[in-house]
1. What is the total of Lys pairs in the chain with C-alpha atoms under 20 Å apart, excluding same-chain pairs fewer than 8 positions apart?
2. Work out the length of the dipole vector of the range 20-88 about its Cα centre, built from +1 on the beta-carbon of each Lys and Arg and -1 on the beta-carbon of each Asp and Glu, and round it to the nearest 20 debye.
3. What percent do you get for the relative contact order of the chain when only Cα pairs under 8 Å and 6+ apart count?
4. Express in nm, to one decimal, how much length is gained between N75 and N19 on full extension, taking 0.36 nm for each residue of separation and deducting their alpha carbon distance.
5. Using only Cα atoms, find the angle between the long axis of helix 78-88 and the longest principal axis of the chain, and express it within 0 to 90 degrees, rounded to the nearest 10.
6. Going by the alpha-carbon gyration tensor, a ≥ b ≥ c the square roots of its eigenvalues, is the range 20-88 rounded (a/c under 1.5) or, if a/c is not under 1.5, prolate (a/b greater than b/c) versus oblate?
7. So what is the calculated 222 nm ellipticity per residue for the chain, using -39500 (n - 2.57) for each DSSP H run with n of 4 or more, over all residues, to the nearest 500 deg cm²/dmol?
8. Using the Cα centre of the chain as origin and beta-carbon charges of +1 (Lys, Arg) and -1 (Asp, Glu), tell me which of A71, Q83, L6 is placed farthest towards the positive end of the dipole.
Amino acid sequence: MAIQILNRKKTKLLKANRNKRVVLLELGVGFNTPTIIRFPFEKMVREDEKWSLIRLNLDEAAVPDRFGRRAVGINEDIARSIQDIKGSMDVDRYRKEDDCDD
């Protein structure tokens, strides 16, 4: 039942984003259950040239070579990586402008 729901959602996602630039962000997915997320993500990237994959995993971040520059594997701790990303962002850019009193 759960697999059927995931397949329907995947089909809907594919149809809604056909011919758009999409980045799939895969966080902490290893090889315990690769048929649930890992392999379907690779299949989606393989089937659409405009789609890319970012795979973040402490030990198993390898991405297929055939994806070239459309995929990157980052062997790093997720929490640390998110902190690094947050630290490199321009936080003021994302604050609501209406929060400022003149």
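1. Pairs that pass both the separation and distance tests number 14.
2. On the way: 12 positive and 11 negative charges, 72 e Å.
For this selection, approximately 340 debye.
3. Values: 106 pairs, mean separation 21.3, N = 102.
Answer for the chain is 21 percent.
4. Full extension from N75 to N19 adds 17.2 nm.
5. Approximately 40 degrees, to the nearest ten.
6. oblate
7. Working: 4 runs with 40 residues, N = 102.
The helix-only estimate for the chain comes to -11500 deg cm²/dmol at 222 nm.
8. L6
Values in this text are rule-based calculations from the coordinates and carry no lab data. Nothing here was measured: the structure is a model prediction, and the numbers come from that model. Counting neighbours? That spans all protein chains shown, and the Cβs are built from the backbone with ideal geometry, glycine included.
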